[in-house]
Amino acid sequence: MRKAKKKNRLILIGIAGVVLSVAVGLVLTALNDQITLFKSPSDIAREGLVEGQKIRIGGLVEDGSWVKDGTNHRFTVTDTENIIKVRYEGILPDLFREGQGVVLDGEANGENIFVAKTVLAKHDENYVPKEVAEALKEQGVWKDPSAKTN
């Protein structure tokens, strides 16, 4: 009698484990297209751009790199060590400027150019997007914008 109870309990735990595994698998499959990874230009230089992979990149718009042709924009984003060529079609945020921090959502094309679908620019003098700040800290070039220099 005691062995039967133990056996039934093990079977119930096994079934619960299988159901939980299937549920986790279904959730991960459903989220696969929704997950966007953040990468810095140095991460991309190490790993390369995979055509069609949706990613988020961040960094500073390189001075002198912005070329505007109507609503087509080309510029480079840097973390001061590596650069990524970016193409964007549309209206840029009013706060978009060279030398400022940006976060871009999009994907690479076959020509090793990042095609941005969304451009987010900083919204005040001291703001740097969290992902950009962390990437710059990893590179060792972070300068706290709130620190006063006299």
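Read-outs: derived from the displayed coordinates by stated rules, not from any lab. Note that this is a predicted model, so its numbers are computed, not measured. Cβ: placed from backbone, ideal geometry, glycine included. Neighbour counts: every protein chain shown.
What longest range of the chain stays clear of loop-exposed GluC sites (Glu not before Pro) (DSSP non-H/G/I/E/B, at most 10 other C-beta within 10 angstrom)?
Numbers: sites that count: Glu111, Glu125.
Result for the longest clean stretch: 1-110.
Using only helices, what value at 222 nm comes out for the chain when you add -39,500 (n - 2.57) per DSSP H run of length 4 or more and divide by the total residues, to the nearest 500 deg cm²/dmol?
Values: 3 runs with 47 residues, N = 150.
After summing the helix terms and dividing by the residues of the chain, the value is -10500 deg cm²/dmol.
Given a 10 angstrom Cα cut-off, can you work out which residue in Ala133, Ala45, Ala16 is the most mobile in a GNM of the chain?
Ala16
Looking at Asn72, Asn32, Ile57, which one has the Cα that reaches farthest to the positive end of the dipole of segment 10-91 (charges on Cβ: Lys, Arg +1; Asp, Glu -1)?
Asn32
Given springs between every Cα pair under 10 Å in a Gaussian network model of the chain, which of Pro93, Pro41, Pro129 has the largest fluctuation?
Among Pro93, Pro41, Pro129, the largest mean-square fluctuation in the Gaussian network model of the chain belongs to Pro93.
Within the chain, what is the longest stretch that has no trypsin sites (Lys or Arg not before Pro) placed in a DSSP loop and near at most 11 other beta-carbon atoms within 10 Å? Before the final figure, lay out each step's value.
Details: sites that count: Lys143, Lys148.
Answer - 1-142.
Return one quarter of the surface area of the convex hull spanned by the alpha-carbon atoms of segment 7-48, equal to its mean projected area, in nm².
Values: hull surface 18.3 nm².
Value for segment 7-48: 4.6 nm².
Of the lysine pairs in segment 5-149, how many meet both conditions: Cα atoms under 16 Å apart, and a spacing of 8 or more in sequence or different chains?
So the count works out to 12.
Which whole number in µm²/s is D for segment 61-144 by Stokes-Einstein, with the Kirkwood Rh taken over Cα pairs at 20 °C and 1.002 mPa s? Kindly include the intermediate steps, with their values, before the conclusion.
Details: Rh = 13.2 Å.
For the chosen part, D equals 162 µm²/s.
Taking Cα atoms, how many degrees apart are the long axis of helix 130-139 and the longest axis of the chain, rounded to 10 and kept between 0 and 90?
On a 0 to 90 degree scale, this one is about 80.
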